[in-house]
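To start, the structure itself, in structure tokens.
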């Protein structure tokens, strides 16, 4: 990817790549959306009526096949009950907790991890007996919603990596398949014995970036569809006694439900990545305007139903822009890379021209790639400059407010203030703001609320922090971010080395800074340490 963003920050970027992330496909048996089609199917399958007993017979045969297969291949079936719902955020979290060795193990062959059985309220069909005025009786089918058993079959696929197949046990037998583009790439790297490093579900180091890009470029929908057919042929069958079979009339067609395309920028310095993202947080509200989102999503005419949110997912700050069901978000993934991710839920927006059948999946990738590229262009003019000397002087002297109140200058000789300012530099506190009690959680009972309030007052009166309108939260200003950063690095790299031969590494880890300045500070620090060593200056 070459654009204004990569041009402006080339010297800070280690590598970039774009790939599919989450992909959810839905499988439907063609025509089973109205009662008449269901009745016609049952007749073609050899049933003379369409009673509830016939519908239950198909369900029982499918349940029996899955149970027999699980016993034969020693696959454990877990029940997804209330305890599991309370303990785990999702079924995938449950799998990662219980079966983490199976997930992390390099697997070049197919392996079924387990099956989770749950009940969900879905659309289906039922029958009721009707008696006419003439006294004639007949069975009438109607559409309804009811709780139906669902099987989540988690698989370590030899081609796609970690994925799952979901099968509904009751007519119309709607199915779902989940895969992740990063899992696919990881699996291909394992097959080819290539070196890589992952953090969460992102690559932070790749032995051969050309192979990664080639894998993404050559990924075809048929790769996923062929694997889906393989697993459906294995699990979606009906036990007839001596063997299990499945009629061709019960063949599923697959369509896209949700597709995520992520562009990942891995920076040479994690400190630069953190600083850069904090600057994005300051700017993102202008990106959320409807006309700008229309441009980013590449639509031919303006769509005004949009919104922008700023929140935390897990512990990471995240900016998310919505437009008619589709979204694009930006977040500091794993603290060392910036991820921009387009999520397509609604391919029918004006100008998209995306088709629902899964065979068009590659078109989704190129559309998401272009959206991510346009988003990166909008943030390519982020200012990463640091504090000027005139502003710096304001924090060195006592300050008198308009009401005549004397506010002392911040005293960075105190270690607890260094700790406090390091907490304020956290990307999450910068993202959605902070309160006094939020800050106090980092220090426990050793620091009083009044003390923190007084230190924050020093910053507020000088413009380093500001109160967020209509809330009890405060937020760092750009000036405050730059000043706190400068002071902590000055303390770590200039003052402290002259007082101690060992630099406080734990402080440096909490501070974000562009890689060029970080390198310069490191060179100065090394020189000071060399001088103190040669001259024998003791702390």
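The values are calculated or read from the model by the stated rules, or taken from the named source; none is laboratory data. From a predicted model like this one, the values you see are computed outputs, not experimental measurements. Using ideal geometry, Cβ is built from the backbone for each residue, glycine included, and neighbour counts are taken over all protein chains shown.
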When every residue in the stretch 185-224 that is out of contact with any helix residue (DSSP H, G or I) (no Cβ under 6 Å at 6 or more places or on another chain) and within 30 Å of residue 63 (Cα to Cα) is compared, the one surrounded by the most Cβ atoms within 10 Å (Cβ to Cβ) is 224
Condition (residue is at positive phi and modelled with pLDDT of 75 or more) applied to the stretch 303-316: is it met by at least one residue?
no
Going residue by residue through the stretch 149-166, is there one that turns out to be loosely packed, with under 11 Cβ neighbours inside 10 Å and at negative phi?
no
Here are the criteria: (1) over 25 Å from residue 276 (Cβ atoms); (2) modelled with pLDDT of 75 or more. Tell me which single one residue 375 does not satisfy.
(1)
Number of the condition not met by residue 279 [criteria: (1) at pLDDT below 80; (2) not in a helix (DSSP H, G or I)]
(2)
Can you report the number of residues in the stretch 165-191 which are free of Cβ contacts under 8 Å to residues at least 60 places away in the same chain and over 12 Å from residue 106 (Cα atoms)?
2
Being surrounded by 13 or more Cβ atoms within 10 Å (Cβ to Cβ) and assigned to a loop (DSSP other than H, G, I, E, B) is the filter; apply it to the stretch 35-48 and report the residue that is farthest from the chain's Cα centre (by Cα).
47
Consider residue 106 against the criteria (1) surrounded by 15 or more Cβ atoms within 10 Å (Cβ to Cβ); (2) touching a residue at least 40 places away in the same chain (Cβ under 8 Å); (3) under 24 Å from the mean Cα position of the chain (by Cα): it satisfies all of them except one. Which criterion is unmet?
(1)
Could you count how many residues in the stretch 1-22 are touching a helix residue (DSSP H, G or I) at 6+ places or on another chain (Cβ under 9 Å) and assigned to a strand (DSSP E or B)?
9
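Which of the residues belonging to the stretch 252-275 are in contact with a strand residue (DSSP E or B) (Cβ under 7 Å, 6 or more places away or on another chain) and either assigned to a helix (DSSP H, G or I) or over 30 Å from residue 6 (Cα atoms) (or both)?
252, 253, 254, 255, 256, 257, 273, 274, listed by residue number.
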In the list 69, 62, 25, which residue meets the criterion of being in the same structural domain as residue 167 (by TED's automatic domain parsing) and either assigned to a strand (DSSP E or B) or surrounded by fewer than 18 Cβ atoms within 10 Å (Cβ to Cβ) (or both)?
25
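Residue-wise test of (1) more than 34 Å from the chain's Cα centre (by Cα); (2) closer than 20 Å to residue 277 by Cβ; (3) modelled with pLDDT of 70 or more.
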| residue | (1), (2), (3) |
| --- | --- |
| 426 | no, yes, no |
| 431 | no, yes, no |
| 439 | no, no, yes |
| 450 | yes, no, yes |
| 497 | yes, no, no |
| 515 | no, yes, no |
